[in-house]
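What follows is a set of notes on a single structure, which appears directly below.
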Amino acid sequence: MNFVKRAGLSLWARKGRTLITWATFLVISLMVLAGVLINGATARAEQDAKRSVGAEVNLQMDLGSSAGSGGGLQAPRIDAGTVDKLGKLPQVQKYTYSLWDRGIIKGKNKLVEGGPQEPMGPGGTAAVGVLDSALLPDFRSGNFTLLSGKHLTAADKDSRRLLIEERLAKQNGLAVGDTFALTGNDEKTTADFTVAGIYRDPRATSEPEPEYGVSPANMLYGAVGGLSSLSSENDGAQQAGSATFLLQDADAQGEFKEEAEQVAGSALDGFELAANDKAVRQMTGPLKSISSTATVAMWLMGFAGAAVLALLVNLAVKQRRKEYGVLLAMGEKKSRLIAQQALEIVVVAALAIGVSALFAPRLTQSAGQALLGTEASAAQEKLDSWEPPAPGRTGVGEGIDMNDKPVENADPIDEITVRLDPADLATVGAVGLGIGLLATAVPAGAVLRLSPRSILTKGN
C-alpha cells in the first residue's frame, strides 16, 4: 500500500493521538505566530516613530578629545563653509549651525530684571547666532513659541535681525520691525538690529539659562552673519561652534557620518558627530520591552514543543512496533516508514498552522495591546516623576542627571497594529514544519534499528 495512503488511514484510525498532536502543534503555532506578529508590529511602529521624529545628528564639542589635549578646555570652532558642505550631502534634509558671544545692551533699552545678577557684566547677555532658528531644539519641540514675526532662515544669514523674548520686548516697548542697538563683546563695536520676531520662553525670569547662566527673558537669537560682524576678532570667515543636521532617513546616520568625515577631514578635530536619538528611544522603550518578551516566549515554546512532539512520536513508534514489523517483513523499506511518520506530522502541522492563522492576529492584538499599555504606563510614570534641580543648581548633589530629562512631545508609544503578512505565515510554517521534522529525527533512529524477525518472534 502506498505510504501516503497509510499515513492518512493511520491519522484517522488513531483520532485521539492525532488530536493530541494537533493540539500541541496548535499551541506552538499560536505562540510562535504571536511572537512573529508582535515583532513585526513593534518594528513597524518603531520605524514610524523614527520617521515622525526624524534623525538628528549634532556636531558638537568632543569632551573626551578636549580633555585629553593637555591644555585648558577651549571650545573648538569650524568654518561655516565646511558646515554648508556637510549640509549639502544627500542624506541631509535640513541643517543649521550656531555660534554665541556676549552681546551688550546699552542706551534706552534695558535688560529684564529679576534674574541672575549680571552674569556677563552690566547690560551683558547671551547672543546666539543661528542659521535657521526654526531648527533650534526648543522651537522644534514646541517649548518656545513664536508669537509674532518670522523665524530666521538661511536667507537672513548676513542680515542684522534678531529674535527677542516677549518680556524683553514688553519692557522696552519693542515690536516686530523696530530697531535694537547691540554692542559686541569688545564693548566698542555697535550696530542696529531689526526685531524679526518675538518668542515666548515659558521658564521663569529668575531661572538661569543652563548653558549661558543668564535670564531666559534676556536671551537673544540673531542671524549668524549679523552677530559675527560685532566681533573684533572676525576676519570675514564665519566660525560655528555647533551644528544640527536633520536627515532624510533615520537609517542613514552611519552613511552620513562616513561622508561627513571624508568631506570635512581635519576640520572635525575637536568635534564629534553624535546621533540624537533620545526622543526615539523614549518613544520606543515599551516596544522593545514587549518585543524581547515575545521573542523569549516564542523560543521557549518552540523548544518545549519540539520536546513534547518528540516524546509523542517516540511513544507512537513503540505502540506501532508490531505494525512496523509486519510491514518490514512484507518488504517495506525503513525509509518509507520514516517518510510516513514525517508525512503524518506535516499534515497535522499544516492543519494547526492554518487554524492558528485564523485566530492568532486577533488574539495577538488584544494580548499585545494589553502588554504594551502596561509598559507604556510605567514608562510614562517614570517620565512624569522626573523633576529638574532647583534654580541655580546642577542637580549633581541631589542625584539628578540632566541627561534623564524627558524629551517633550515624545510620549511612549502605547498602540500597535498587528497585521498578518504572507511572509509571517511562511516564517511560522517553516518553524512549525522544522519542529515537526526535528521531532521525528530521534524516533527515526529507533525505526532504523527495528528487526522484523525479533518483533514478530519475541515482541521487541
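The values are calculated or read from the model by the stated rules, or taken from the named source; none is laboratory data. The shown structure was predicted, so the numbers you read here are calculated from the model rather than taken from an experiment. In this analysis, Cβ positions are derived from the backbone assuming ideal geometry, glycine residues included, and neighbour counts consider all displayed protein chains. In case anyone asks, the SASA skips ligands and DNA or RNA and just uses the protein heavy atoms, side chains included. Shrake-Rupley method; radii C 1.70, N 1.55, O 1.52, S 1.80 Å.
Could you tell me whether any residue of the range 287-296 is part of a helix (DSSP H, G or I) and in contact with a strand residue (DSSP E or B) (Cβ under 7 Å, 6 or more places away or on another chain)? No; the residues of the range 287-296 include none that is part of a helix (DSSP H, G or I) and in contact with a strand residue (DSSP E or B) (Cβ under 7 Å, 6 or more places away or on another chain). For the range 245-260, give me the residue count where each residue is at pLDDT 85 or above and surrounded by fewer than 14 Cβ atoms within 10 Å (Cβ to Cβ). The number of residues fulfilling the criteria is 1.
Scanning the range 151-193 for residues that are at pLDDT 90 or above, in a loop (DSSP other than H, G, I, E, B) and touching a helix residue (DSSP H, G or I) at 6+ places or on another chain (Cβ under 8 Å) turns up H151, L152, T153, S159, R160, L174, A175.
Scanning the range 103-146 for residues that are within 39 Å of the chain's Cα centre (by Cα), more than 14 Å from L162 (Cα to Cα) and assigned to a strand (DSSP E or B) gives a single hit, T145. Among the residues that make up the range 231-244, is at least one of them over 22 Å from V112 (Cα atoms), open to solvent by less than 40 Å² (accessible area, probe 1.4 Å) and touching a Pro at 6+ places or on another chain (Cβ under 9 Å)? Scanning the range 231-244, I find at least one residue that is over 22 Å from V112 (Cα atoms), open to solvent by less than 40 Å² (accessible area, probe 1.4 Å) and touching a Pro at 6+ places or on another chain (Cβ under 9 Å), so the answer is yes.
Could you tell me whether any residue of the range 134-146 is more than 30 Å from E259 (Cα to Cα), modelled with pLDDT of 85 or more, surrounded by 14 or more Cβ atoms within 10 Å (Cβ to Cβ) and not aromatic (F, W, Y)? Yes, the conditions are met somewhere in the range 134-146. Does the range 76-86 contain at least one residue that is charged (D, E, K, R), closer than 29 Å to A423 by Cα, at pLDDT 75 or above and out of contact with any strand residue (DSSP E or B) (no Cβ under 7 Å at 6 or more places or on another chain)? No: zero hits. So is M283 touching a residue at least 40 places away in the same chain (Cβ under 8 Å), open to solvent by less than 40 Å² (accessible area, probe 1.4 Å), in a helix (DSSP H, G or I) and at negative phi or not? Against the criterion (touching a residue at least 40 places away in the same chain (Cβ under 8 Å), open to solvent by less than 40 Å² (accessible area, probe 1.4 Å), in a helix (DSSP H, G or I) and at negative phi), M283 qualifies. For the residues E207, E211, the requirement of being of a type outside the set (A, V, I, L, M, F, W, C) and farther than 21 Å from D132 by Cβ singles out E207.
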